[in-house]
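Encoded as structure tokens, the structure appears first; notes follow it.
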Amino acid sequence: MNQQDGFHVAVVGATGAVGQQMIQTLVNEKFPISKLTLLSSARSAGKRVEVNGQEITIEEAKPESFEGVDIALFSAGGGVSKELAPEAVKRGAIVVDNTSAFRMDADKPLVVPEVNELDLHQHNGIIANPNCSTIQMVVALEPIRQKYGLKKVIVSTYQAVSGAGASAVEELIEQTKSILNNETIEPQILPVKSDNNHYQIAFNAIPQIDKFQDNGYTFEEMKMINETKKIMHLPELQVSATCVRLPVAVGHSESVYFEIEAGDVSANDIKALLKDAPGVVLQDDPENQIYPMPANCVGKNDVFVGRIRKDIDEDRGFHMWVVSDNLLKGAAWNSVQIAERLVKLGLVK
Ligand SMILES: NC(=O)c1ccc[n+]([C@@H]2O[C@H](COP(=O)([O-])OP(=O)(O)OC[C@H]3O[C@@H](n4cnc5c(N)ncnc54)[C@H](OP(=O)(O)O)[C@@H]3O)[C@@H](O)[C@H]2O)c1
């Protein structure tokens, strides 16, 4: 391929849980690529990977790595983004960043294409990709907001271990084997690698994702609260979240309670709306036991919604169950989708 055939794309964190999915998604979506640069830390530099029949050597991410890069997809942790994303921008690249480094910066758009694609026009070189659990929720809520208005959201999550990286998936698998073999376990990664205590995830549920803040909420919960308001342009929206880690490898599930502004709306009205909503697949047929489950969403780009029902007491309140592949719509697919829209909107130089 030569330069005219597409863009020079860099993936930072190419060996990680998200980075690997990004590479696969770029290939699956036939993103126009003239050159693909794969970057990691010094630990993985020199490893070779095959992408679409071509062997590519992984390089250590450094400021100079971004010379000539048009689009850089970052998912190597917040520290790496803070250090290297401005270096990439300085060299003319547009950055789509998967970490929480820039999400709440007023001058950086936080984008879910189905919700606020037009915010891309305000970019100053860096576009933030929201938190995985936030993305799938706002894709399901946005059509409801547009038609009926939105007053309040209370979400409880049931999150997969891959949200904590490739090493957390390894920990779940090894721990499960050890427990089944009556061997002792030594949790080292979950709930948060850098926190003081580590707990068993196999056959368990851990009500902590990311570190606790002074207000008693975890950082993951505050991400859901603050990011939802920013993406939906609803600073007054009442949002609360409880985030829980489950022994599921891939696929986040969420129980979402929401209250709308409009009256006289039925559960069937909400179902009819979501049936045709962009990025949403409605799976809601209780009589036939049809509802979304993580095992069925792995490898798919969509957000699956079911169990839609009216609250027993609150006429404007509804409940729904929202499931998506956290590594795809929650990360890689949303990033590649942003890159596609940037190209379509003529925002890549
Ligand atoms: N997993 C999810 O569902 C999800 C969703 C949205 C956003 N994110 C965010 O995306 C980021 C990565 O997540 P992950 O789940 O893919 O983690 P991961 O599986 O642990 O992978 C981390 C990646 O970052 C690279 N890396 C680490 N330190 C580096 C450095 N100093 N310089 C360059 N590369 C470095 C690693 O390379 P080596 O192989 O060299 O170690 C690896 O490729 C995190 O900030 C996370 O919060 C994750």
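Within the range 91-112, being touching a residue at least 40 places away in the same chain (Cβ under 8 Å) and surrounded by 18 or more Cβ atoms within 10 Å (Cβ to Cβ) holds for Ala93, Ile94, Val96, Asn98, Ser100, Arg103, Leu110, Val111, Val112. Of all residues in the range 140-179, those being among the aromatic types (Phe, Trp, Tyr) and surrounded by fewer than 20 Cβ atoms within 10 Å (Cβ to Cβ) number 1.
None of Ile185, Ile135, Ile209 is within 13 Å of the ligand (Cβ to nearest atom) and part of a loop (DSSP other than H, G, I, E, B) except Ile209. Test Val115 against the stated conditions and say whether it is assigned to a strand (DSSP E or B) and modelled with pLDDT of 95 or more. Taking the combined requirement at face value, the residue does not satisfy it. Candidates in the range 37-78 are the residues that are of a type in the set (Lys, Arg) and within 26 Å of the chain's Cα centre (by Cα); of these, the one that is farthest from Arg91 (Cα to Cα) is Arg43.
Considered as a group, the residues in the range 253-290 that are under 27 Å from the mean Cα position of the chain (by Cα) and assigned to a helix (DSSP H, G or I) include one that is surrounded by the most Cβ atoms within 10 Å (Cβ to Cβ), and that residue is Ile270. When the residues of the range 291-300 are filtered to those that are surrounded by 12 or more Cβ atoms within 10 Å (Cβ to Cβ) and touching a Gly at 6+ places or on another chain (Cβ under 9 Å), the one that is farthest from Ile23 (Cα to Cα) is Tyr291. When restricted to residues that are surrounded by 13 or more Cβ atoms within 10 Å (Cβ to Cβ) and either more than 9 Å from the ligand (Cβ to nearest atom) or not in a loop (DSSP other than H, G, I, E, B) (or both), the range 37-51 contains 6.
Please enumerate the residues belonging to the range 138-177 that are within 25 Å of Phe203 (Cβ to Cβ), outside any strand (DSSP E or B) and away from the ligand (no atom under 16 Å from the Cβ). If the condition is that a residue be within 25 Å of Phe203 (Cβ to Cβ), outside any strand (DSSP E or B) and away from the ligand (no atom under 16 Å from the Cβ), then Gln175, Thr176, Lys177 are the ones that fit.
Taking the criterion of being closer than 21 Å to Asn98 by Cα and part of a strand (DSSP E or B), the residues of the range 52-75 that qualify are Glu59, Glu60, Ile71, Ala72, Leu73, Phe74. Cβ-Cβ contacts under 7 Å between residues 6 or more apart (or on different chains), taken from a first residue in the range 169-191 that is closer than 21 Å to Asn326 by Cα to a second residue that is assigned to a loop (DSSP other than H, G, I, E, B) and among the polar types (S, T, N, Q), are listed as Glu171/Gln188; Pro191/Gln208.
The values are calculated or read from the model by the stated rules, or taken from the named source; none is laboratory data. Nothing here was measured: the structure is a model prediction, and the numbers come from that model. Cβ atoms come from the backbone with ideal geometry, glycine included; neighbour counts cover every protein chain shown.
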